[in-house]
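Engineer: Would you mind keeping the following structure in view while I ask a few things?
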Amino acid sequence: MGKGMKAGKKHKAPSMGGGMSSAQMAQLQAMQSKMEAAQAEVEASETEASAGGGAVTVKVNGKHELVAVSIKPELCDPDDVEMLQDLIIAAANEAMRQIDEISQTKMSAVTGGMGLPF
């Protein structure tokens, strides 16, 4: 037996405070559904970005996957492969940044700017 406890007495666990009301729970579930829908919308979206004045264009989906690369034929100089690589990286990074921006916008609309992580 614990110190200070008498035989036959039950120790009561401390309460965690007020529970969630059913209205609050319903509100959280509705927000969760909206967040899931917004995430699905983001994942279904695609964005396109280019570099080098349109010489290299890439397309990225909402899952941060590179899905297409377009390179103007006149850019394919075997003596300057580094420039082509740099342009692809620049275009891909811009497309990824755009997807992040779309995701932030959609999630902020759902959470009402509450700063919740997603």
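The values are calculated or read from the model by the stated rules, or taken from the named source; none is laboratory data. The shown structure was predicted, so the numbers you read here are calculated from the model rather than taken from an experiment. Here the Cβ positions follow ideal geometry from the backbone for every residue, glycine too, while neighbour counts run over all protein chains shown. Quick note on the areas: whole protein, heavy atoms, side chains included, nothing else; ligands and nucleic acids left out. Shrake-Rupley method; radii C 1.70, N 1.55, O 1.52, S 1.80 Å.
Engineer: Going by the conditions given, is Asn93 free of Cβ contacts under 8 Å to residues at least 60 places away in the same chain and open to solvent by 80 Å² or more (accessible area, probe 1.4 Å)?
Structural biologist: So Asn93 passes the test.
Engineer: Inside region 23-80, can you point out the residues that are in a loop (DSSP other than H, G, I, E, B), open to solvent by 60 Å² or more (accessible area, probe 1.4 Å) and on the phi < 0 side of the Ramachandran plot?
Structural biologist: Just the residues of region 23-80 that are in a loop (DSSP other than H, G, I, E, B), to begin with: 45, 52-55, 62-65, 72, 76-80.
Those still in the list that are open to solvent by 60 Å² or more (accessible area, probe 1.4 Å) too: 53, 63-65, 72, 76-79.
If the condition is that a residue be in a loop (DSSP other than H, G, I, E, B), open to solvent by 60 Å² or more (accessible area, probe 1.4 Å) and on the phi < 0 side of the Ramachandran plot, then Lys63, Glu65, Lys72, Cys76, Asp77, Pro78, Asp79 are the ones that fit.
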